[in-house]
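Undergrad: Quick one: the structure is below, questions incoming.
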Amino acid sequence: MGFACTSTVALLMAWVSMPAAVLITVMSLGGLLNGIIQPSRDMMVRAVTPAGSFGKVFGFVSTGLNLGGMVAPLTYAWLMDHDEPRAIFMIVFVFILLGLITAITRAKPQATAAWTR
């Protein structure tokens, strides 16, 4: 639900012209929703990590987050320079929607007895 609501807020910011006070409220709501989904995202990664591979998976995910943190601001700045600020929210919408699809379609972890861990 968090992914769906966050993507909806991003789409709303991309397509609807709002007064500044409403936009600030909507952006705050989007940030709150994004903050709420981040711990569950980390737990989903942990749940699908094969035994003994947590370090590799953690490194892969961290590298992806760092690369995204380097590329996204440059892309967004380029879009702002070319008078396309709404495209930024469309990109955010697409990536959050991809996260939602990934969360829904991921392989469910197999249940194991607590004493076997």
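The values are calculated or read from the model by the stated rules, or taken from the named source; none is laboratory data. Here the structure is a predicted model, which is why all the values come from computation and not from measurement. Please note: Cβ atoms are built from the backbone with ideal geometry, for glycine as well, and neighbour counts cover all protein chains shown. The accessibility values were calculated without ligands, DNA or RNA, using every heavy atom of the protein model including side chains. Shrake-Rupley method; radii C 1.70, N 1.55, O 1.52, S 1.80 Å.
Undergrad: Hey, what did the chain get for relative contact order, percent, Cα under 8 Å, at least 6 apart? List each step's numbers first, then the result.
TA: On the way: 60 pairs, mean separation 54.2, N = 117.
Contact order relative to length: 46 percent.
Undergrad: So, in nm, how far is label Ala47 from label Ala4 when the simple model puts each one 7 Å beyond its Cα toward the Cβ?
TA: With each label point 7 Å from Cα toward Cβ, the separation is 1.6 nm.
Undergrad: Another question about this same structure. Of Val61, Gly31, Phe93, which is farthest along the charge dipole of the chain in the positive direction, counting Lys and Arg as +1 and Asp and Glu as -1 at C-beta?
TA: Going by the charge dipole, the pick is Val61.
Undergrad: Next up: Mind checking the full-extension length gain between Glu84 and Met18? Use 0.36 nm per residue of separation minus the Cα-Cα distance, one decimal, nm. Before the final figure, lay out the partial values.
TA: Details: separation 66, 0.36 × 66 = 23.76 nm, distance 1.64 nm.
Additional length available on full extension: 22.1 nm.
Undergrad: Could you calculate the FRET efficiency of Ile101 with Ser40 from 1/(1 + (r/R0)^6), where r is the beta carbon distance between them and R0 is 22 Å, rounded to 0.05? Numbers along the way, then the final one.
TA: On the way: r = 15 Å, r/R0 = 0.69.
It comes to 0.90.
Undergrad: Turning to a different aspect of this structure: Taking 0.36 nm per residue of sequence separation and subtracting the Cα-Cα distance, how much length would be gained by fully extending the chain between Thr75 and Thr63, in nm to one decimal?
TA: Values: separation 12, 0.36 × 12 = 4.32 nm, distance 1.81 nm.
Value of the extension gain: 2.5 nm.
Undergrad: Keeping every protein chain present and rolling a 1.4 Å probe, give me the accessible area per residue for the chain in Å². Don't skip to the answer; put the middle values down first.
TA: Numbers: 8500 Å² over 117 residues.
Using a 1.4 Å probe on heavy atoms only, each residue of the chain averages 73 Å².
Undergrad: Something else: What's the carbon and sulfur percent of the chain's accessible surface, probe 1.4 angstrom, rounded to a whole number? Could the numbers behind the result be given before it?
TA: On the way: 6270 of 8500 Å².
Carbon and sulfur: 74 percent of the exposed surface of the chain.
Undergrad: While we're on this one: Relative to the longest principal axis of the C-alpha atoms of the chain, give the angle of the C-alpha long axis of helix 2-15, reported between 0 and 90° and rounded to the nearest 10°.
TA: Taking the Cα atoms of the chain, the angle to 2-15 is about 20 degrees.
Undergrad: For the chain, count the residues as N, evaluate 2.2 N^0.38 Å, and divide the Cα radius of gyration by that value, please.
TA: Working: Rg = 17.3 Å, N = 117, 2.2 N^0.38 = 13.4 Å.
Here the Cα radius of gyration is 1.29 times the empirical estimate.
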